[in-house]
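The values are calculated or read from the model by the stated rules, or taken from the named source; none is laboratory data. This one's a predicted model, so the numbers in the text were calculated from it and none came from an experiment. Counting neighbours? That spans all protein chains shown, and the Cβs are built from the backbone with ideal geometry, glycine included. To get the accessible areas, we keep the full protein, side chains included, count just its heavy atoms, and leave off ligands, DNA and RNA. Shrake-Rupley method; radii C 1.70, N 1.55, O 1.52, S 1.80 Å.
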Amino acid sequence: MNAPIRRLSLLITAMFALLLVFGSWVQFADARALRGAEGNSRTLLSSYEQERGAMLVDGSQVARSEKAPSGSNVKYVRNYPQGPLYSHVTGWFSLSYGAGGLELAEDDLLSGQSDALFYRRLGDLLTGKRATGVNLDLTIDARTQQAADKALGNRRGAIVALDPKTGAILAMVSHPQYDPNAISTLDATAAQKAWKGYLADTSAPMVNRAITGDLYPAGSTFKVIVSAAALAAGRTENTELTGVARLSMPQTTVTLPNDWNGPCGNGRVTLTQALAMSCNTAFGQLGMDLGASAIKDQAAKFGFGKDLTIPLRVTPSSTGPMDNPPQIAFTAIGQQDVRVTPLQMAMVAAGVANGGSVMRPYLVKQTRGSGLEVIDVARPTELSRALSSDAAAQLTRMMIQVTEAPDGTGGAARIPGIRVAAKSGTAEHGSDAGGAPLAPHAWFISFAPADDPKVAVAVLVENGGRATPGPGPSFNAAPLAQEVMKAVINR
């Protein structure tokens, strides 16, 4: 073979090798990315040719695949029997608009394409069994979800309930809701009308306020975190603090007032009393004494700043910057630039309830095959250690006084025969077009029974607080938390 022919043969061999490598790369390494690429209608249509896994709550299907009507160009259509109630959990699965919620987050399992199911798919291929997706058995408790939904009613906001010992999400409700069936219909015109209507709705029904969105100032519920930081720094539940009517701060002429025109107690209060009556001046001064680092570090131990997936993605909560004493003081009462999700504040309550251990929240309890055989079971894991068991016990006693002390702000959450630990909050968040302050958001976080916690709850009601300052609980939030706690305790 002469030199030119030899060089040509080597070139052809190299080209075939490159073709083999890149062909294999496209078929295997890039397969998932190409399959999930936006606009890949072939993949989307093929997903309607097999039965997608169901989502189960207490054994009942809240998302399922049904045979498509005769004459359709697909075999299956997605259906949500209780549509709005679970909309922010299930999400939607649509020919026109892709997927959202768990339909998107757990698509690999629901479609049966997860790498973890390789041997199961191989077995189906060898036996000739029709491939199906995996069923998701959710942690949601039906009675608790219904109680949260009913309690929130026509208010805007969110409620999250956790099992503090495991991190299992027992309820996650966001209002307003939407109907995923309206988006998932095979009628493209109807789906488009529903989609555009939801996006144009100024109340943002498709935003899951429990874990995403613009987030909220925490208001006085943040005082639980500052209390934990104080206990970690050596203070006790009986440490005395200032309770003046207005707190003067360095570097500014602005003063920090209480929510009423007067001091807390006789001007001096214990840490327990300050939390029970929600004394702004006490916590403003305490925050400045502790410093920005102590507050940020304590918040981080409860989960602030962490990227969480449950498996839905959770927007991280933040304390915001604290560059000077006034910013620290206003941060210490949950204002300034503090921004949180209701899930995060439920994790704060759950961490105290669980002796200082914050468990990683999760929504999928186990996965099941088409015959409902168990494939995999979730294993609860600790996210972080927020405070010592002794500090958690002190903070629990302090939070009990929020519901039981005569001047406590959480009396509306009391449950006969059950001790409830809690913290109320009202969060200022801006003014209307005329410059008048908007009604503050109403918060309530709690857990019960305080001596053997079964549930931790966070309630957020947009614009649900008092329109004008004054002592007392946030009207709309505490009774809602009470109903959710009762649903878990009495189940």
Exercise. For region 254-344, what value does the Rg/Rh ratio take when both radii are computed over Cα atoms and Rh is the Kirkwood radius, given to two decimals?
Worked result: 1.04
Problem set entry | Under 23 Å, Cα to Cα: Lys pairs in region 171-312, sequence gap 8 or more or different chains | 4
Exercise. If the chain were replaced by its equivalent ellipsoid, with semi-axes equal to the square roots of 5 times the Cα gyration tensor eigenvalues, what would those be, largest first, whole Å?
Worked result: 49, 26, 22
Exercise. Y97 to D58: FRET efficiency via 1/(1 + (r/R0)^6), r the Cβ-Cβ distance, R0 45 Å, to the nearest 0.05?
Worked result: 0.95
Seminar exercise, completed: For K486, counting only lysines whose alpha-carbon sits under 24 Å away and dropping same-chain residues fewer than eight positions off, the answer is K150, K165, K365, K423, K454
Exercise. What translational diffusion coefficient, in µm²/s and rounded to a whole number, does the Stokes-Einstein relation yield for region 370-453 at 20 °C and a viscosity of 1.002 mPa s, taking the hydrodynamic radius as the Kirkwood radius over Cα pairs?
Worked result: 132 µm²/s
Seminar exercise, completed: Hydrophobic long helices for the chain, i.e. whole DSSP H runs reaching 20 angstrom or more by Cα along the axis with Kyte-Doolittle mean at least -1.0, come out as 3-24, 389-404
For this session: Rounded to the nearest Å, what's the spacing between the alpha carbon centres of region 184-236 and region 267-343? Just the number, please.
Result: 18 Å
Seminar exercise, completed: Accessible-area order for W260, W443, largest to smallest, probe 1.4 angstrom, reads W260, W443
Exercise. What percentages, rounded to whole numbers, describe P(r) for region 325-472 computed over all alpha carbon pairs with 10 Å bin width beginning at zero?
Worked result: 10, 31, 32, 17, 8, 2, 0
For this session: Quick one: net charge around P361, please, counting Lys, Arg +1 and Asp, Glu -1 for every other residue with C-beta under 15 Å from its C-beta.
Result: +2
Exercise. Using the eigenvalues of the Cα gyration tensor, what equivalent ellipsoid semi-axes result for region 355-396 when each is taken as the square root of five times the eigenvalue, whole Å, largest first?
Worked result: 34, 8, 7
Exercise. Translational D (Stokes-Einstein, µm²/s) of region 298-382 at 20 °C and 1.002 mPa s when Rh comes from the Kirkwood sum over C-alpha pairs?
Worked result: 144 µm²/s
Exercise. If you bin every alpha carbon distance in region 202-248 into 10 Å steps from zero, what whole percent lands in each bin?
Worked result: 19, 31, 23, 19, 8
For this session: Please report, largest first and rounded to whole Å, the three semi-axes of the ellipsoid equivalent to region 259-300, where each semi-axis is the square root of five times an eigenvalue of the C-alpha gyration tensor.
Result: 22, 10, 9
